[in-house]
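Okay, so here's the structure we're looking at.
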Amino acid sequence: MATPERASSSMGGRARWELEGGGTLGATVRARLARGVAVQCESGAIVTCSENVQLKGTIGSSWIQAALRSAFAQESFFLCECRANDDLDADVLFAPASFGDVVLHRLGETDALYFIKGAFLAADLDVQVTAELQPNLANSMLSGTGWVILRASTVRHASMPGAAHIAINASGRILRMSLGPRECRVVDNGHILAWTGSVRYEIRLATPNSLVHSFTSGEKLVCRFYGPGTLYIQTHKSSEVQLISCRSSRGDRMVQTHRHASGVLGSVASLVGLLIFAFFFVGVVYSIFWQWTSAFRTISAPGWDQWERAHWSGRRAHR
């Protein structure tokens, strides 16, 4: 029987999520949609869907966030909204771009989920995925999660009661750890996938107080996670499964899998979005500065002219 994280039932305007092949390298997730119900997914994540599913490209919460996700978080600029029309129920099957496990996480009302870049697959429509900078410099540089991480939270709607769900994918299998208050779990850097907002972590030597043993053991630095909360770990590092062997008519070759299919379009769109934001920001700053200097000149002009005339008159009198 599916666990609460593996499946959810439809309540009001929500989809019913079903994880298929969980714990394997070819896991997929299916969203069963009642009439008029919609979900969102990463661009290019749909494997198959019912005929009556209407697809629409969206940018998510804002143009700026879409640009940040695409430029720094290995996600596509546009998200895909999948909605069943008002005639029939429907279903949509999602799969990650590369081999790996998929997990369903139930989002609480206040507790957000943080996860590494490139891990977003699909979610309910009221789930907001944003890119954020890690506040801790050591964590961002040494944990393997990177400078930018993704944050998933819910935006409550009266028409969508119940808990929202998000599907994330990983390299290899996904292990779920439930941490109690002040409970610590040591994770090798590079194997971190996701953690809830109540969990904190820090970088430490693999062997406390021994630099020699930390490096000779091969582990060097590790991440120490402290509860309470939920922690998701991936059994393989992302760099270990980026290259997969595939067979074609020309023989065996190596291809590199990318997290999003709309790479060129997403890069161009993110660049345009960043340029628009930069021009807008510079224009606002310039306008404020010009108004301030104009007002200052208007107020101080008479006094400045009197001081200047007195100054030069005094110098001429001194000569």
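The values are calculated or read from the model by the stated rules, or taken from the named source; none is laboratory data. As the structure is a prediction and not an experimental result, all values here were calculated from the model. We place every Cβ from the backbone using ideal geometry, glycine too, and count neighbours over all the protein chains shown.
Here are some notes:
- Of all residues in the stretch 118-139, those being under 16 Å from the mean Cα position of the chain (by Cα) and under 16 Å from residue 197 (Cα atoms) number 9.
- The residues of the stretch 157-201 that are among the acidic types (Asp, Glu) and at pLDDT below 90 amount to a single one, 188.
Residue by residue, here is whether (1) touching a Ser or Thr at 6+ places or on another chain (Cβ under 7 Å); (2) among the aliphatic types (A, V, I, L, M); (3) assigned by TED's automatic domain parsing to the domain that holds residue 24 holds:
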position: 148; (1), (2), (3): no, yes, yes
position: 162; (1), (2), (3): no, no, yes
position: 170; (1), (2), (3): no, yes, yes
position: 184; (1), (2), (3): no, no, yes
position: 192; (1), (2), (3): yes, yes, yes
position: 211; (1), (2), (3): no, yes, yes
position: 215; (1), (2), (3): no, no, yes
position: 223; (1), (2), (3): yes, no, yes
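- The residue list 138, 66 contains one member that is under 23 Å from residue 234 (Cα atoms), of a type in the set (A, V, I, L, M, F, W, C) and part of a helix (DSSP H, G or I), which is 138.
- Restricting attention to the stretch 100-120, the residues that are charged (D, E, K, R) and part of a strand (DSSP E or B) total 1.
- Filter pass, residue 246 being closer than 27 Å to residue 22 by Cα and at pLDDT 80 or above: no
- When the residues of the stretch 73-129 are filtered to those that are touching a Phe, Trp or Tyr at 6+ places or on another chain (Cβ under 8 Å) and modelled with pLDDT under 90, the one that is farthest from residue 13 (Cα to Cα) is 117.
- The number of residues in the stretch 150-159 being in contact (Cβ under 8 Å) with a residue 60 or more places away in the chain and either buried (at least 20 other Cβ atoms within 10 Å of the Cβ) or part of a strand (DSSP E or B) (or both) comes to 1.
- For the stretch 1-26, the candidate set comprises residues that are hydrophobic (A, V, I, L, M, F, W, C) and at pLDDT below 90; within that set, the residue that is farthest from residue 70 (Cα to Cα) is 1.
- Residues (surrounded by 23 or more Cβ atoms within 10 Å (Cβ to Cβ), aromatic (Phe, Trp, Tyr) and assigned to a loop (DSSP other than H, G, I, E, B)) located in the stretch 74-94: 77
- Residue count for the stretch 171-226, restricted to those that are farther than 17 Å from residue 142 by Cβ and free of Cβ contacts under 8 Å to residues at least 12 places away in the same chain: 5
- Residues that are in contact with a Phe, Trp or Tyr (Cβ under 7 Å, 6 or more places away or on another chain) and of a type in the set (D, E, K, R) number at least 1 in the following strands (runs of 3 or more DSSP E) confined to the stretch 171-224: 174-179, 184-188, 200-205.
- If the condition is being under 21 Å from the mean Cα position of the chain (by Cα), of a type in the set (Ser, Thr, Tyr) and not in a strand (DSSP E or B), then the stretch 26-55 contributes only 43.
- Among the candidates 131, 123, 97, 71, residue that is part of a helix (DSSP H, G or I) and either in the same structural domain as residue 38 (by TED's automatic domain parsing) or surrounded by fewer than 23 Cβ atoms within 10 Å (Cβ to Cβ) (or both): 71
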